[in-house]
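Student: Have a look at the structure that comes next, please.
Values in this text are rule-based calculations from the coordinates and carry no lab data. On a predicted model such as this, the values are computed, not experimentally measured, just so you know. For neighbour counting, all protein chains shown are included, and Cβ atoms are generated from backbone atoms with ideal geometry for every residue, glycine included.
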């Protein structure tokens with residue numbers, strides 16, 4: 001019987017032979033994927049302006065990300081299927097849920113024989129590079145699927161962070177995201193003129209928040225505006241205690257920690273600008289698909305919480321920007337629900353490479369091109385309890401209309417929300433007889449989506465099952 005590693009190698013080989021008969025090398029687009037850590041979906045200047053009086057942080061400045069949004073597509077309903085760093089990152093890489101890729105928590109190294117967008121593209125003739133934060137347990141060495149890596153171990157640190165360059169420890173000086181960007185620019189210069197894919201993982205804006213000195217005085221005196229769900233306590237919070245270790249530090253909405261969170265984002269934004277400027281300087285911008293995303297959302301006292309992990313909107317939603325010159329309209333807004341598991345199949349399709357059947361996501365290409373196609377109207381979410389954090393095991397389904405949240409072992413905590421009427425999720429309708437129809441609808445959708453993720457043929461979530 002063939003081992004799993006041999007089966008995967010054969011699959012990649014078949015995929016790449018097919019790719020060779022497709023897009024010619026000279027027409028292959030390049031890819032740059034930039035990923036932040038714990039950046040909320042609304043922690044963008046362009047989103048704050050769009051929200052107007054409802055924006056919590058109208059003073060936030062992200063000029064380079066705003067420019068990227070203006071030059072490309074902004075997805076206004078982008079989500080992760082597990083709001084935790086390593087599981088989300090694994091889903092971006094593999095196009096699958098943790099049930100299939102093996103990463104359900106922050107304490108599991110990423111399997112070296114995993115099929116990812118990088119491993120498939122490398123076999124199809126691409127040069128692949130990974131720079132910056134990896135965060136799969138304390139995993140060391142060359143990043144799986146990448147020809148080149150300049151990355152740090154675990155969380156690293158904001159200042160003078162040691163890196164491993166192709167597995168060799170290297171001391172660095174300066175703010176970590178500046179250093180990562182230096183390595184990224186070096187990779188771009190060394191691989192100009194041939195197809196490449198570069199993943200750049202920023203440490204921003206994971207705590208403890210420590211912006212570089214040049215941004216240390218930004219937003220002095222600024223305060224976050226209140227929102228309706230600041231007083232809506234999560235049902236599990238009374239029994240489990242304070243959420244994580246962060247929530248209380250944001251008391252007052254103008255605390256130094258809140259401001260440092262935003263200062264890190266503004267400093268990171270400068271590095272996004274550096275990458276974009278380098279693509280321009282190298283003449284590579286027109287043939288490079290740029291994707292910017294966050295690995296999960298983040299609570300800033302909504303529902304009395306800090307951190308992420310559970311299934312309210314502030315935790316599930318992420319920023320997502322895509323620039324594809326000449327193919328995606330400038331300043332385009334997309335409201336369909338897209339997921340982190342969609343990244344890998346999107347990159348592969350745009351590269352002209354067949355998408356492995358095991359990938360559960362769906363390519364965004366038709367949405368980028370403005371095509372009207374049947375699309376998903378719901379998705380399944382799951383977080384697995386991870387000590388010492390207080391967040392319990394969570395299962396949920398989100399549709400365009402509502403959300404059903406379950407806490408296994410605690411049916412009394414179950415929640416039902418009508419997102420159209422109550423976007424801040426302040427009124428639990430689980431026992432409201434007037435919402436019985438919504439409850440039945442979401443219960444049925446929960447079972448369908450869970451079955452697709454946990455059992456049966458994993459390909460059922462691409463794309464036909466997304467047409468409801």
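Student: Quick one: Kirkwood hydrodynamic radius for the range 204-362, alpha-carbon pairs, angstrom, one decimal?
Tutor: Roughly 18.5 Å, rounded to one decimal.
Student: Arranged from highest to lowest average of other beta-carbon atoms within 10 Å per residue, in what order do the peptides 266-275, 185-194 appear?
Tutor: 266-275, 185-194
Student: In nm, what is the difference between 0.36 nm times the number of residues separating residue 330 and residue 51 and their Cα-Cα distance?
Tutor: Contour length minus the Cα-Cα distance gives 98.4 nm.
Student: Report the Cα centroid-to-centroid distance between the range 401-425 and the range 191-226 in angstrom, as an integer.
Tutor: 32 Å
Student: Here's something else I'd like to know. Compute the orientation-averaged projected area for the chain from the convex hull of its Cα atoms and round it to one decimal in nm².
Tutor: Mean shadow area of the hull around the Cα atoms is 21.4 nm².
Student: Indicate, rounded to the nearest 5 percent, the antiparallel portion of the DSSP beta bridges found entirely in the range 4-376.
Tutor: 35 percent
Student: Additional query: Along the Cα-to-Cβ line of residue 27, 7 Å from the Cα, sits a label point; which residues in the range 343-376 have backbone N less than 17 Å from it?
Tutor: Answer for the range 343-376: 348-354.
Student: Something else: Which whole-angstrom value gives the distance between the alpha carbon centres of the range 93-113 and the range 330-379?
Tutor: Computed from Cα coordinates, the inter-centre distance equals 21 Å.
Student: Can you give the Rg and Dmax of the range 117-238 based on its C-alpha atoms, in angstrom?
Tutor: 18.5, 58
Student: Label-point separation (nm) for residue 189 and residue 451, each offset 7 Å from Cα along Cα-to-Cβ?
Tutor: 5.7 nm
Student: Quick check on the chain: helices-only [θ] at 222 nm, where DSSP H runs of length 4 and up contribute -39,500 (n - 2.57) each and the sum goes over total residues. Nearest 500, please.
Tutor: On the way: 13 runs with 134 residues, N = 468.
Rounded to the nearest 500, the figure is -8500 deg cm²/dmol.
Student: One-quarter of the Cα convex hull surface for the range 30-73, in nm²?
Tutor: Mean orientational projected area (the range 30-73, Cα hull): 3.6 nm².
Student: When 445, 171 are ordered from fewest to most other Cβ atoms inside 10 Å of their Cβ, what list results?
Tutor: Fewest-to-most ranking of 445, 171: 171, 445.
Student: Per 10 Å bin, what is the whole-percent P(r) computed from every C-alpha pair distance within the range 247-331?
Tutor: Taking every Cα pair in the range 247-331, the percentages come to 15, 34, 28, 18, 5.
Student: How far, in nm, would the chain grow between residue 76 and residue 371 when pulled straight, counting 0.36 nm per residue and subtracting the alpha carbon separation?
Tutor: 104.5 nm
Student: Let me see the pair-distance distribution of the range 91-131: every alpha carbon pair, 5 Å bin width, integer percents in order.
Tutor: All Cα pairs considered, the percentages come to 5, 21, 29, 24, 13, 7, 1.
Student: For the range 331-468, what does the convex hull of the Cα positions come to per residue, in cubic angstrom?
Tutor: Working: hull volume 21.5 nm³, N = 138.
Roughly 156 Å³ of hull volume per residue.
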